[in-house]
2 protein chains.
Amino acid sequence: MRSEWETHTALTPEDDTPGERSFAAELDQGWVVGGGVNGGYLLGTIGRAIAETVPDKPHPLSVSAYYLSASVPGPARVRTRVLREGGSVATVAADLVQGSDARITALATYGDLDRMPDDVATTATPPAMPPLEECVPGSFAPEEVRRVAPLLERFDLRFDPACVGWAVGQPSGRGHIQAWFRLADEHPVDALGLLMVCDALPPVTYDLGLPGWAPTLELTVHVRALPATGWLRVSHRTRNVAGGMFEEDCEVWDASDRLVAQSRQLAMRPRG
Amino acid sequence: MRSEWETHTALTPEDDTPGERSFAAELDQGWVVGGGVNGGYLLGTIGRAIAETVPDKPHPLSVSAYYLSASVPGPARVRTRVLREGGSVATVAADLVQGSDARITALATYGDLDRMPDDVATTATPPAMPPLEECVPGSFAPEEVRRVAPLLERFDLRFDPACVGWAVGQPSGRGHIQAWFRLADEHPVDALGLLMVCDALPPVTYDLGLPGWAPTLELTVHVRALPATGWLRVSHRTRNVAGGMFEEDCEVWDASDRLVAQSRQLAMRPRG
């Protein structure tokens with residue numbers, strides 16, 4: 001059975017113009033959060049179009065997206081252009097448009113993670129997280145939050161209680177949010193899904209007492225390994241809120257304690 | 001007097017095609033390192049073309065570059081296309097080409113850092129560095145290194161001795177290199193110069209006992225503030241060497257203890 005994630009990011013190839021491929025997408029209402037559509041879902045949709053453009057390099061190694069305007073649910077088109085294709089990696093430009101409005105422009109390098117060397121020499125350590133049963137389910141969010149964020153229905157989130165005080169008006173002030181993550185339908189997250197997972201949690205500025213929408217200017221995701229089946233751990237931090245902007249660093253760890261994705265975004269500070 | 005940096009990144013506007021601007025550049029031999037031209041210098045050259053394309057948004061806020069092939073000294077062309085221009089920020093696509101070879105493709109969002117809010121609420125702290133006089137000058141590099149890396153003549157680098165053991169065959173293994181930085185001609189580094197500073201030091205893999213060229217796949221720089229006049233401190237770290245790749249995080253701090261740039265790149269692990 002196709003997962004909800006695959007269904008919602010499904011693409012229909014359209015007539016191509018020379019040097020460019022085109023895919024029709026239908027942005028699902030279920031990914032709305034506040035006034036827009038979740039940026040991670042959009043990135044995953046773009047990511048799938050790129051994967052279909054270079055089918056023997058199925059996995060994103062690096063994707064950089066620049067957000068131009070807020071998307072709305074409904075029809076969209078993803079256009080892709082191969083900039084360079086070598087033996088092991090391909091670099092592709094992609095745009096997501098709705099009507100005549102450019103929503104997102106992206107660059108990406110894809111490869112085959114199954115064919116990469118299997119060396120691992122990392123000093124990074126998995127986030128320290130209480131066991132699942134001691135964490136706070138996303139389903140505890142109040143009805144008024146859930147109404148404006150149908151996005152929450154897509155996930156089974158279990159927040160680390162040490163980083164979720166903002167939900168009851170007591171942000172820790174450290175700029176740190178972390179949670180266990182799986183898809184609500186319990187389908188495993190694949191490499192394209194990681195593009196979404198890196199932008200699934202609430203903005204880390206909630207933990208600084210700055211709730212509200214934090215528009216992303218730029219988001220780069222590095223997919224570092226194919227995730228093992230099972231719960232993921234997702235950790236977001238910010239260290240530098242300045243000049244009306246902040247960076248948000250995300251790590252995604254899989255059930256085998258492998259760091260499977262690293263991302264950083266630059267976003268506008270919410271007015272709070 | 002024009003600085004060496006300004007001279008080496010100078011551009012000559014060419015005839016534009018509709019929707020696209022074009023600039024001629026002359027990549028200077030002085031930025032060669034090993035078999036290629038330094039990626040930070042190339043990014044600064046692209047950055048200048050973007051600044052000239054959107055002159056009332058003179059400062060890079062975020063620039064993401066994907067490296068397609070190694071550049072060579074000599075003529076190059078930078079082409080720019082404005083994707084969206086709003087009141088305060090503009091997003092621009094840019095390509096650096098030599099002949100018919102695409103070298104780098106980039107996306108960027110520019111604005112005016114003088115007009116950004118002056119809030120600073122950062123938990124990041126400047127790198128702990130010994131005073132200048134206790135650090136190891138880049139000019140101590142042996143003659144055979146300097147011959148293949150004229151790049152070194154562009155800078156006045158003073159390496160933290162705790163992170164420079166790799167130069168005498170004793171890498172620390174921590175994946176950390178840091179140094180004081182200024183331009184050799186002592187001209188101050190501006191916002192465009194920061195794009196170069198984030199890729200000026202040797203690859204951090206030297207400190208892991210993996211010397212040699214580490215080809216960059218992707219480099220994103222966030223310029224967070226205009227640097228104060230004076231020495232900069234530049235710190236590079238990696239935490240995750242895996243799958244034949246590693247991430248390299250860089251911070252640049254100015255003389256007023258302000259975090260002026262953050263960057264991350266994904267690069268191929270040197271064969272060592």
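Brief remarks follow.
- Exam field: A:Pro270 pseudo-label spacings to other copies (7 Å along Cα-Cβ), nanometres: 4.4
- Other copies of A:Ala10: label-to-label distances in nm, shortest first, labels 7 Å along the beta-carbon direction: 6.0
- For B:Leu192, the shell of other residues with beta-carbons less than 10 Å away shows a net charge of -1, using +1 for Lys and Arg and -1 for Asp and Glu.
- Cα-centre dipole for the stretch B:143-258 with unit charges at Cβ (Lys and Arg positive, Asp and Glu negative), debye to 20: 200
- Farthest positive-ward along chain A dipole, Cα basis, beta-carbon charges - from A:Ser22, A:Ala90, A:Ala214: A:Ala214
- Label zone at A:Glu186 (point 7 Å along Cα-to-Cβ), backbone N below 17 Å, the stretch A:1-20: A:1-5
- Among the residues of A:69-75, the average count of other protein chain beta-carbon atoms within 10 Å of the residue beta-carbon is 0.
- Around the Cα centre of the stretch A:34-183, unit charges on the Cβ atoms of Lys, Arg, Asp and Glu (plus for the first two, minus for the last two) sum to a dipole of about 480 debye.
- In this label model, A:Ser100 and B:Gln170 are separated by 6.8 nm, measuring between points 7 Å along each Cα→Cβ vector.
- Each copy carries a label point for A:Val168 at 7 Å from Cα toward Cβ; from one copy, the others' points are 5.7 nm away, ordered from shortest.
- Chain A - Rg over Rh from alpha carbon coordinates, Kirkwood radius: 0.95
- Using a Förster distance of 25 Å, the FRET efficiency for B:Thr123-B:Ala162 (Cβ separation, nearest 0.05): 0.60
- In degrees, nearest ten, helix B:39-53 long axis to first principal axis of chain B (Cα): 20
- The mean number of Cβ atoms from other chains found within 10 Å of a Cβ in peptide A:250-260 is 1, as a whole number.
- Cα→Cβ-extended label distance, 7 Å offset, between A:Glu134 and A:Met1, nm: 3.4
- Contact order for chain A, expressed relative to its length and based on alpha carbon pairs under 8 Å spaced 6+ residues apart, stands at 17 percent.
- Surface per residue (accessible, 1.4 Å probe) for chain B, Å²: 39
- Linear extension gain, A:Glu85 paired with A:Asp15, 0.36 nm per residue minus alpha-carbon span: 23.0 nm
- Peptide packing: for A:169-175, B:175-181, the average count of neighbouring Cβ atoms within 10 Å per residue gives the ranking B:175-181, A:169-175, highest mean first.
- Using C-alpha pairs under 8 Å with a sequence gap of at least 6, the mean separation divided by the residue count of the stretch A:211-269 gives a relative contact order of 44 percent.
- Centroid-to-centroid, using Cα positions, the stretch B:167-202 and the stretch A:219-248 are 25 Å apart.
- Selection from A:Gln170, A:Val145, A:Leu132 lying farthest towards where the dipole of the stretch A:129-172 points positive, charges on Cβ: A:Val145
- Dipole magnitude of chain B, debye to nearest 20 (Cβ charges: Lys/Arg +1, Asp/Glu -1, about Cα centre): 720
- Minimum Cβ-to-axis distance in chain A for the rotation onto chain B, with residue, whole Å: A:Ser64, 2
- Where A meets B: accessible area buried, both sides, 1.4 Å probe, Å²: 4300
The values are calculated or read from the model by the stated rules, or taken from the named source; none is laboratory data. Everything quoted here is computed from the prediction, not taken from an experiment. Backbone-built Cβ (ideal geometry, glycine too); neighbour counts: all protein chains shown. Accessible surface is based on the protein model in full, side chains and every heavy atom, while ligands, DNA and RNA are left aside. Shrake-Rupley method; radii C 1.70, N 1.55, O 1.52, S 1.80 Å.
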